[in-house]
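The values are calculated or read from the model by the stated rules, or taken from the named source; none is laboratory data. Model, not experiment: these values are computed from the prediction. Neighbour counts are summed over all protein chains in view; Cβ atoms, including those assigned to glycine, are modelled from backbone coordinates with ideal geometry. Ligands, DNA and RNA are excluded from the accessible area calculation, which covers all protein heavy atoms including side chains. Shrake-Rupley method; radii C 1.70, N 1.55, O 1.52, S 1.80 Å.
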Amino acid sequence: MPTVDDILEQVGEFGRFQKQTFLALCLLSAAFAPIYVGVVFLAFTPDHRCRSPGAAELSRRCGWSLAEELNYTVPGAGAAGEAFPRQCRGYEVDWNQSALGCVEPLAGLAANRSHLPLGPCRHGWVYDTPGSSIVTEFNLVCDDSWKVDLFQSCVNLGFFLGSLGVGYIADRFGRKLCLLATTLMSTVLGVLMAVAPDYTSLLLFRLLQGLVSKGSWTSGYILITEFVGLGYRRTVAVLYQTAFTGGLVLLSGVAYAIPHWRWLQLAISLPTFLFLLYYWCVPESPRWLLSQKRNAQVVKILDHIAQKNGKLPLTDLKVLFLKEDVTEKLKPSFADLFVTPQLRKHTFILMYLWFASSMLYQGLIMHVGATGGNLYLDFFYSALVEFPAAFIILATIDRFGLIRPLATSNLMAGVACFAMIFISHDLRWLNITVACVGRMGITIVFQMVCLVSAELYPTFIRNLGVMVCSSLCDLGGVITPFVVFRLMDIWQGLPLVLFAVLGLAAGGVTLLS
């Protein structure tokens, strides 16, 4: 009795049907990029200073240039070059008093301006940017800057909480239904984010979008890998993830063209309504239908694939009883992931690899966004280096296997993070180059750990193993924003120290596996 793989060899393992379906689903993967790392543009923090109506009026009367106004009315950098006093404190001065002149107005109040009292920004802030972000609209700076971290952490928390529920829906009701339902909800929530009246509602919509959006991406990943023959499964899995990189490159261009966050959010959300057309052009997975004993639909879909691929119809296809993998009848449990010493080792190592790769990947993106000279160009350059990662994987896994390239890429990312600590910020291009090397290394890791997770577990606990281990990826994403931005307040190189340790340790444990 033939299996689905046997019949795919006859109707086409990667023919016209699979190629069309693959390209359609790759658009879904690309659209996930703004959800995952769009915070870089939606919540960028421009240079800012306290708003002072009195100082602005004095500047107008005196005819100061912007440089003169900043020099006369804004505190200088704090101790050791800290910018906090300049951005979050203002002089406690009555700017309307007649004693203040137009040349060095504060000279008569104190011999040294550093002796003047500083106070909080009582009238808000002035932001040096032609656009807008959630930071500038909701004043998420200074004492409220942690709310930017919370904004990104919420979507990762949504990924984490939604993984179990969405996985159940995909296994219980089908990959296609899960894909369409989660895509619709994610799109609606993306639009609601664009019109959110306040920070609290924005945070709620962000959390809910996280609950469903990863399910949409995962359903597309599962669908395309189940449509192709065994010999093409690794290739489409890697290239599907590469489409995500295409979304990153496109995001940098769209963000540059639309510098206002609400319009940008609409621009990346509204087109995803078109993915609902998949109802008509993407069929259900025949492998899932087979697991549900819906053999008539399996036969119909495989016959459709044969026609699309230009293969002769299989005259005996309708009388074939497709063999179902008996291992699918087993009922997996969480304990099965730890039942043998080998499985325990695999599970713990994979959990750590998912956690570390998530922190390094998101952390390097956010670090470039927080310290780069040109936000759009730096993001664009670092996204481009992800494309070679796919070709490196495809060129090495057959020759060297999975473990050695995975360990080498982890070590490369860790060494790059360690090197960045000692590179002066004045050497901008060297910083970007080394960051791109680290970004390419961790991209290889991220893509390969998906393959490793799927191949190390036996069939009946494969989905459970991938789901449990990859949940550590989402947990890493929850804490990464706080690691990047809060540790950077202590010392700018501190996040890189942590990323270097995580990467080097990941390379070490991979080699030991």
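Here r is the Cβ-Cβ distance between residue 424 and residue 57 and R0 is 25 Å; the resulting FRET efficiency, rounded to 0.05, is 0.05. When the listed pairs 176/345; 19/300; 214/345; 214/300 are checked against a 23 Å cut-off, the alpha-carbon distance exceeds it for 176/345; 214/345; 214/300.
Look at where the Cα atoms of segment 16-77 and of segment 383-406 average out, and the two centres are 35 Å apart.
This model, with +1 at the C-beta of Lys and Arg and -1 at the C-beta of Asp and Glu, gives the chain a dipole about its Cα centre of some 1200 debye. Computed about its Cα centre, the charge dipole of segment 330-512 is approximately 360 debye, with only Lys, Arg, Asp and Glu carrying charge at their Cβ. With viscosity 0.692 mPa s and temperature 37 °C, the Kirkwood radius over alpha carbon pairs of segment 330-512 converts through Stokes-Einstein to a diffusion coefficient of 195 µm²/s.
Cα-based values for the chain, radius of gyration first and Dmax second, are 26.8, 100 Å.
When the chain is described by a simple charge dipole with +1 on each Lys and Arg Cβ and -1 on each Asp and Glu Cβ, the residue from 510, 436, 498 located farthest towards its positive end is 510. Among 95, 263, 125, the sequence by solvent-accessible area, most first, with a 1.4 Å probe is 263, 125, 95.
The calculated FRET efficiency for residue 109 paired with residue 279, based on their beta-carbon distance and R0 = 51 Å, is about 0.15. Around the Cα centre of segment 48-128, unit charges on the Cβ atoms of Lys, Arg, Asp and Glu (plus for the first two, minus for the last two) sum to a dipole of about 140 debye. Considering only 58, 97, 127, and ranking their Cα positions along the charge dipole of segment 48-128 that arises from unit charges at the beta-carbon of Lys, Arg, Asp and Glu, the one farthest toward the positive end is 127. Relative to one another, the C-alpha centroids of segment 230-268 and segment 189-224 are positioned 16 Å apart.
Heavy-atom accessible area for residue 88, with the other protein chains in place and a 1.4 Å probe, reaches approximately 10 Å². Quick one: plug the Kirkwood hydrodynamic radius of segment 48-128 (C-alpha pairs) into Stokes-Einstein at 10 °C, 1.306 mPa s, and report D in µm²/s. My calculation gives 123 µm²/s for D. Span-like helix check, the chain: qualifying full DSSP H segments, with Cα axial length of 15 Å or more and mean Kyte-Doolittle of -0.5 or more, are 16-37, 146-173, 175-194, 199-227, 233-257, 295-308, 341-371, 386-400, 403-420, 428-456, 462-490, 494-512. In this calculation the C-beta distance from residue 161 to residue 67 is compared with R0 = 45 Å, giving a FRET efficiency of 0.35.
Estimated at the nearest 10 Å², the accessible area of residue 420 is 20 Å² with a 1.4 Å probe. Here's the picture: charge each Lys and Arg Cβ at +1 and each Asp and Glu Cβ at -1 in the chain, and of 182, 278, 248 the one pushed furthest to the positive end of that dipole is 278.
For residue 15, neighbours were defined as the other residues whose beta-carbon sits under 9 Å from its Cβ, and their charges (Lys and Arg +1, Asp and Glu -1) total +3.
Taking all protein chains as they are arranged and a probe of 1.4 Å, the heavy atoms of residue 68 leave approximately 70 Å² accessible to solvent. Estimated from helices alone, the mean residue ellipticity of the chain at 222 nm is -22500 deg cm²/dmol (sum of -39500 (n - 2.57) over DSSP H runs with n ≥ 4, per residue).
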